[in-house]
Amino acid sequence: SEMANPLAGEVDIWLDGHPHCAKLTLGALAGLEHELGAQSMVALVERFEQGRFSSRDVMAVLVAGLQGGGWTGGLDDLLAAEFRGGPVGAAHAAAALLARAFRIEGT
């Protein structure tokens, strides 16, 4: 499969040794906003920018991004999978998904 295209907001996420293309589509973002109960996506993005995000934030962003890229799994599948890079890799991937979705200056 082709590698992710950062300019299209895509991030490669490796689960159990296989790459998955993740992307925060508008639908994925709307679902994420609903899932987190955040006042807005801005609050979520600010938490990531300030390094105050929780593991729940990370998992929610990753599931939304993976589903936006066509993955059919859910949170339980993600929790059961071996994530390349472990918790740090997961946090970096989630932050990259958000940064690319919003094209925040300086990221």
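The values are calculated or read from the model by the stated rules, or taken from the named source; none is laboratory data. None of the values given here were measured: they were computed from a predicted structure. Cβ sites come from the backbone with ideal geometry, for glycine too, and all protein chains shown count toward neighbours. The accessibility values were calculated without ligands, DNA or RNA, using every heavy atom of the protein model including side chains. Shrake-Rupley method; radii C 1.70, N 1.55, O 1.52, S 1.80 Å.
Here the simple spin-label model places points 7 Å from the Cα toward Cβ, and for LEU75 and VAL42 these points are separated by 2.6 nm. The simple spin-label model puts a point 7 Å past each Cα toward its Cβ; for HIS34 and SER54 those points are separated by 2.1 nm. For GLY9, the amide hydrogen comes within under 5 Å of no other amide hydrogen, counting only partners 5 or more places away or on other chains and with H modelled in the peptide plane. The mean accessible area for residues of the range 1-43, using a 1.4 Å probe and ignoring ligands and nucleic acids, is 61 Å² per residue. For a test of the definition: using alpha carbon positions, the gyration tensor, and the 1.5 limit on a/c, classify the chain as rounded, prolate or oblate. It is rounded, given that a/c, with a ≥ b ≥ c, falls under 1.5. A simple charge model with +1 on the Cβ of Lys and Arg, -1 on the Cβ of Asp and Glu and nothing else charged puts the dipole of the chain at about 220 debye relative to its Cα centre. Here the calculated FRET efficiency for ASN5 and GLU82, from their Cβ-Cβ distance with R0 = 41 Å, stands at 0.95, rounded to the nearest 0.05. The sum of -39500 (n - 2.57) across all DSSP H runs of n ≥ 4, divided by the residue count of the chain, sets its helix-only mean residue ellipticity at 222 nm to -16500 deg cm²/dmol. Computed in the context of the full set of protein chains, the accessible area of the chain at 1.4 Å probe radius has 54% of its extent on carbon or sulfur.
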